[in-house]
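J.: My questions will all concern the structure given below.
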Amino acid sequence: MLYVTHDQVEAMTLGDRVVVLDRGKVQQVGPPQELYDRPANRFVAGFLGWPPMNFLDGQLVGAPDGGLLVVSRNDKLVLPLPAGTVAPPAAYNGRDVMAGIRPEHVTVAAEPGTGHLTMDVLLIEPLGASRLVTLTRDGRQLLALSGGQTTFREQQVVEVRLDMQHLHLFDRTQGTTLQRGVSSG
């Protein structure tokens, strides 16, 4: 049976296979969880999921250890990529990218010194068993899903940790996937 809907939750819930279209063109076809975990491009990544995926502009830069780093345009965010993220790394050095990470893979670090970046807590929205946390700093905004009670408050400066195993990399110009998060959930 073919069922057409604009409601992503309905599509993810009812479908065995989902076709994501953008302006009449097929972007990706597959089981719902595969599309969520491994989007083919930035459009699919941003379309599926609530809260929406966070996107950060950057450039891939070679690291001293031979790996790659995602460096933001203002050099205030440097993210080391896990080994084997893109291969061969040298081919991607200098490439403009958009890094994507879902809010469930963004956490406020439990201990100082364990986060990737420092951000301000702008807003905490209770959702029952979890909290949607809006974080901001240097013109950058991230959403994080925090389980249960939070130990931080609005307007507090916190450290934020990104689960780099779930980072998605997209070519900034074409929006195509260079690397998809390596594990689900």
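J.: Can you tell me which residue in region 138-177 is modelled with the highest pLDDT, limited to those that are loosely packed, with under 14 Cβ neighbours inside 10 Å and among the acidic types (Asp, Glu)?
T.: GLU154
J.: Does GLU34 fit the bill of being surrounded by fewer than 17 Cβ atoms within 10 Å (Cβ to Cβ) and within 24 Å of ASP163 (Cα to Cα)? Steps first, please.
T.: Values: surrounded by fewer than 17 Cβ atoms within 10 Å (Cβ to Cβ): yes; within 24 Å of ASP163 (Cα to Cα): yes.
Yes: the conditions hold for GLU34.
J.: Being under 15 Å from GLY49 (Cβ atoms) and either touching a strand residue (DSSP E or B) at 6+ places or on another chain (Cβ under 8 Å) or hydrophobic (A, V, I, L, M, F, W, C) (or both) is the filter here; which residues of region 1-29 pass it?
T.: Result: VAL9, ALA11, MET12, VAL18, VAL20, GLN27, GLN28.
J.: Mind checking whether some residue in region 161-181 is hydrophobic (A, V, I, L, M, F, W, C), without any contact (Cβ under 8 Å) to a residue 60 or more places away in the chain and in contact with a Ser or Thr (Cβ under 8 Å, 6 or more places away or on another chain)? Write out each step before concluding.
T.: Taking region 161-181 and keeping what is hydrophobic (A, V, I, L, M, F, W, C), we get 162, 164, 167, 169-170, 178.
When the remaining residues are screened for being without any contact (Cβ under 8 Å) to a residue 60 or more places away in the chain, the result is none.
No; the residues of region 161-181 include none that is hydrophobic (A, V, I, L, M, F, W, C), without any contact (Cβ under 8 Å) to a residue 60 or more places away in the chain and in contact with a Ser or Thr (Cβ under 8 Å, 6 or more places away or on another chain).
J.: Taking the condition at pLDDT below 80 and either over 30 Å from VAL9 (Cβ atoms) or assigned to a loop (DSSP other than H, G, I, E, B) (or both), does GLY84 pass?
T.: On the way: at pLDDT below 80: yes; either over 30 Å from VAL9 (Cβ atoms) or assigned to a loop (DSSP other than H, G, I, E, B) (or both): yes.
Against the criterion (at pLDDT below 80 and either over 30 Å from VAL9 (Cβ atoms) or assigned to a loop (DSSP other than H, G, I, E, B) (or both)), GLY84 qualifies.
J.: Would you please name the residue that is nearest to the chain's Cα centre (by Cα), looking only at residues in region 14-41 that are without any contact (Cβ under 8 Å) to a residue 12 or more places away in the chain and assigned to a helix (DSSP H, G or I)?
T.: GLU34
J.: Let me ask you something else. Restricting the search to region 106-137, which residues are in contact (Cβ under 8 Å) with a residue 24 or more places away in the chain, outside any strand (DSSP E or B) and either on the phi > 0 side of the Ramachandran plot or surrounded by 20 or more Cβ atoms within 10 Å (Cβ to Cβ) (or both)?
T.: GLY113
J.: Condition first: within 16 Å of VAL70 (Cβ to Cβ) and not charged (D, E, K, R). Now tell me which residues in region 118-172 satisfy that. If you could, list the steps in order and put the result at the bottom.
T.: Within region 118-172, the first condition is being within 16 Å of VAL70 (Cβ to Cβ), and the residues that meet it are 138, 140, 142, 160-172.
If the condition is that a residue be within 16 Å of VAL70 (Cβ to Cβ) and not charged (D, E, K, R), then LEU142, VAL160, LEU162, MET164, GLN165, HIS166, LEU167, HIS168, LEU169, PHE170 are the ones that fit.
J.: Answer with yes or no whether GLU125 is within 26 Å of PHE47 (Cα to Cα) and touching a strand residue (DSSP E or B) at 6+ places or on another chain (Cβ under 8 Å).
T.: Working: within 26 Å of PHE47 (Cα to Cα): yes; touching a strand residue (DSSP E or B) at 6+ places or on another chain (Cβ under 8 Å): yes.
Judged against the criteria, GLU125 is a match.
The values are calculated or read from the model by the stated rules, or taken from the named source; none is laboratory data. Model, not experiment: these values are computed from the prediction. Every residue, glycine as well, gets a Cβ built from its backbone with ideal geometry; the counts of neighbours run over all protein chains shown.
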